[in-house]
There are 2 protein chains.
Amino acid sequence: MLTSLQNAKVKEWKKLHKRKYRNQSAQFLVEGFHMVEEVLKSSWEVKELIIREGTEFPLPEGIPYTLVSPQVFTAIAETETPQGIAAVVGKENRGFEPKALTLMIDAVQDPGNVGTLIRTADAAGFDQVILGTGSVDAYNDKVLRATQGSIFHIPIFAGDLEEYIQPLKEAGTEIWASTLEDAHPFQQLQPTGKSAIIVGNEGQGIQQHIVRQADKQVYIPIYGQAESLNVAIAGAVLMYHLKS
Amino acid sequence: MLTSLQNAKVKEWKKLHKRKYRNQSAQFLVEGFHMVEEVLKSSWEVKELIIREGTEFPLPEGIPYTLVSPQVFTAIAETETPQGIAAVVGKENRGFEPKALTLMIDAVQDPGNVGTLIRTADAAGFDQVILGTGSVDAYNDKVLRATQGSIFHIPIFAGDLEEYIQPLKEAGTEIWASTLEDAHPFQQLQPTGKSAIIVGNEGQGIQQHIVRQADKQVYIPIYGQAESLNVAIAGAVLMYHLKS
């Protein structure tokens with residue numbers, strides 16, 4: 001059993017909380033029974049399980065594991081009351097290709113919102129999610145938790161949204177941008193079947209150079225006195241409209 | 001200027017973080033520029049403003065205020081980086097009457113979700129929100145923050161949901177319960193104009209004795225592999241469907 005906080009492995013695991021190191025190593029860490037069960041059910045590669053002494057977990061065949069002391073587990077965990085199970089997962093490297101339904105997220109930094117958007121995109125039958133530059137990393141611990149495992153169900157891409165809009169358009173996708181000005185109420189627009197919806201952050205909205213790439217601007221009417229909708233809420237209403 | 005943490009006023013303010021004391025005193029505390037501006041714009045009674053030394057805030061006429069030291073402000077604030085402005089607000093005591101669109105929340109304890117549901121109900125043009133027994137208090141600090149001020153725009157009631165369902169039904173309201181079993185996909189149900197929607201917590205759903213009171217059971221189809229939707233997301237999709 002691994003008990004030293006100075007152990008090289010423990011140091012590596014802790015580094016996985018940093019985006020830079022996740023990118024370098026092409027790995028990330030998931031925590032808790034639900035997330036570990038979800039990754040084991042998926043096609044993603046589990047490099048190693050980390051199990052706190054005394055935690056009951058059915059060991060899957062062929063996957064290396066390390067038993068650690070409670071002190072070590074607490075040191076590598078990001079949750080306040082860790083469940084004693086974590087996994088090091090290898091990032092999947094998929095090529096992007098246009099699909100029927102795409103969610104694009106422009107510069108949203110709140111991890112709970114991004115995770116909930118990924119979970120909702122999965123639920124709404126979307127085919128992929130693209131996280132634009134300036135958004136929180138999809139493999140951030142809080143994002144992963146908010147996805148409730150959907151991170152393993154739906155392909156996630158990251159990068160400059162404009163570079164994804166071009167191939168989507170060439171494939172006949174209609175691009176909608178969720179904005180507040182010069183926009184159509186969503187109920188008035190009929191989805192074409194091949195659709196992408198862009199949502200932006202609550203304060204600034206979608207960056208203008210990206211809005212200009214969209215075929216249509218759409219908004220969700222505010223009937224009461226609220227100033228705006230939470231971005232995950234807006235994304236959900238629009239995704240279910242596009243799917244229906 | 002008030003500098004002592006032992007001052008009786010400071011002790012009273014701190015007590016407002018507890019539900020029991022909010023109920024006894026019929027008061028609650030809101031923090032930050034946005035929330036204080038929202039309450040001042042509303043018809044709610046601001047009993048007192050609390051201003052940290054050095055905070056610039058245009059003082060409204062006729063409202064008492066107390067200047068406090070940074071140390072005192074930090075002691076009464078719930079946020080990590082307080083903005084230096086807070087208000088003691090008197091709870092409104094409205095009588096309930098059936099209205100066209102009602103959101104009912106059964107035993108949801110997550111403050112972010114309940115606050116977001118209130119904000120979204122306001123945005124979607126709902127007339128009132130009812131927080132069932134077992135739900136987090138609407139005047140909890142985190143709930144208030146997540147409402148983004150909508151707490152001052154839409155009437156909130158609390159108590160046993162069954163006691164509200166009866167008068168709503170007598171007024172001709174159709175009650176929908178959001179469930180997973182024996183339910184219609186929401187897209188297949190047409191709203192009647194007078195509608196109430198009940199949402200429950202993500203783990204247990206709506207309590208059975210409350211589901212039995214509903215006229216219709218409705219669900220949001222899951223097209224992908226996600227197990228469920230976040231309750232605030234589900235509420236939003238259903239509220240915008242009822243409004244449209």
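The values are calculated or read from the model by the stated rules, or taken from the named source; none is laboratory data. Predicted model only: the values in this text are computed from it and were never measured. No Cβ is skipped: glycine too gets one built from the backbone with ideal geometry, and neighbour counts run over all protein chains shown.
Per the listing A:D215, A:D182, A:D160, the residue uniquely farther than 28 Å from A:G32 by Cβ, at pLDDT below 95 and more than 15 Å from the chain's Cα centre (by Cα) is A:D182. Scanning the stretch A:83-90 turns up at least one residue that is outside any strand (DSSP E or B) and more than 19 Å from the chain's Cα centre (by Cα). Scanning the stretch A:218-244 for residues that are over 18 Å from the mean Cα position of the chain (by Cα), over 21 Å from B:L144 (Cβ atoms) and among the small types (G, A, S) gives a single hit, A:S244. Scanning the stretch B:156-182 for residues that are out of contact with any Lys or Arg (no Cβ under 8 Å at 6 or more places or on another chain) and closer than 22 Å to B:I222 by Cβ yields B:S178, B:T179, B:L180, B:E181, B:D182.
Yes or no, residue by residue, for (1) acidic (D, E); (2) surrounded by fewer than 13 Cβ atoms within 10 Å (Cβ to Cβ); (3) at pLDDT 95 or above:
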{"residue": "B:L2", "(1), (2), (3)": "no, no, no"}
{"residue": "B:E37", "(1), (2), (3)": "yes, no, yes"}
{"residue": "B:P58", "(1), (2), (3)": "no, yes, no"}
{"residue": "B:Y65", "(1), (2), (3)": "no, no, yes"}
{"residue": "B:V68", "(1), (2), (3)": "no, no, yes"}
{"residue": "B:E80", "(1), (2), (3)": "yes, yes, no"}
{"residue": "B:V88", "(1), (2), (3)": "no, no, yes"}
{"residue": "B:N93", "(1), (2), (3)": "no, yes, no"}
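Scanning the stretch A:153-165 for residues that are within 20 Å of A:V136 (Cβ to Cβ) and outside any loop (DSSP other than H, G, I, E, B) yields A:I156, A:F157, A:A158, A:G159, A:L161, A:E162, A:E163, A:Y164. Entry remark, the stretch A:112-142: residues being within 14 Å of chain B (Cβ to nearest Cβ) and either surrounded by fewer than 24 Cβ atoms within 10 Å (Cβ to Cβ) or under 22 Å from B:T116 (Cα atoms) (or both) number 17 in total. All conditions but one from (1) at pLDDT 95 or above; (2) out of contact with any strand residue (DSSP E or B) (no Cβ under 9 Å at 6 or more places or on another chain) apply to A:E202; the one that does not is (1). Enumerate the pairs (first residue in the stretch A:23-49 and at positive phi; second residue anywhere and polar (S, T, N, Q) and at pLDDT below 95) with beta-carbon separation below 9 Å, excluding pairs fewer than 6 apart on the same chain, so at least 6 apart or on different chains. Matching pairs, first to second residue: A:A26/A:N93; A:G32/A:T79. On the given criteria, is A:A146 closer than 15 Å to A:M35 by Cβ and within 9 Å of chain B (Cβ to nearest Cβ)? Considered against the rule, which asks whether it is closer than 15 Å to A:M35 by Cβ and within 9 Å of chain B (Cβ to nearest Cβ), A:A146 comes out as yes.
Considering each residue of the stretch B:106-113 in turn, none proves to be of a type outside the set (S, T, N, Q), touching a Pro at 6+ places or on another chain (Cβ under 8 Å) and in the same structural domain as B:E202 (by TED's automatic domain parsing). Report, by residue number, each residue of the stretch B:68-103 that is of a type in the set (A, V, I, L, M, F, W, C), out of contact with any helix residue (DSSP H, G or I) (no Cβ under 9 Å at 6 or more places or on another chain) and farther than 19 Å from B:Q6 by Cα. Scanning the stretch B:68-103 gives a single hit, B:A100.
Apart from one condition, A:Y65 fits all of (1) in contact with a Pro (Cβ under 7 Å, 6 or more places away or on another chain); (2) closer than 20 Å to A:S4 by Cα; the exception is (1).
Taken over the stretch B:74-92, residues that are over 18 Å from B:K11 (Cβ atoms), out of contact with any strand residue (DSSP E or B) (no Cβ under 6 Å at 6 or more places or on another chain) and free of Cβ contacts under 8 Å to residues at least 40 places away in the same chain amount to 2. Residues considered: A:E31, A:E12, A:E45. Of these, the only one that is modelled with pLDDT of 95 or more and under 27 Å from A:D127 (Cβ atoms) is A:E45.
Scanning the stretch A:141-155 for residues that are hydrophobic (A, V, I, L, M, F, W, C) and farther than 10 Å from A:D122 by Cβ yields a count of 3. For the stretch A:95-111, filtering for residues that are within 14 Å of chain B (Cβ to nearest Cβ) and more than 14 Å from A:S195 (Cα to Cα) leaves 2.
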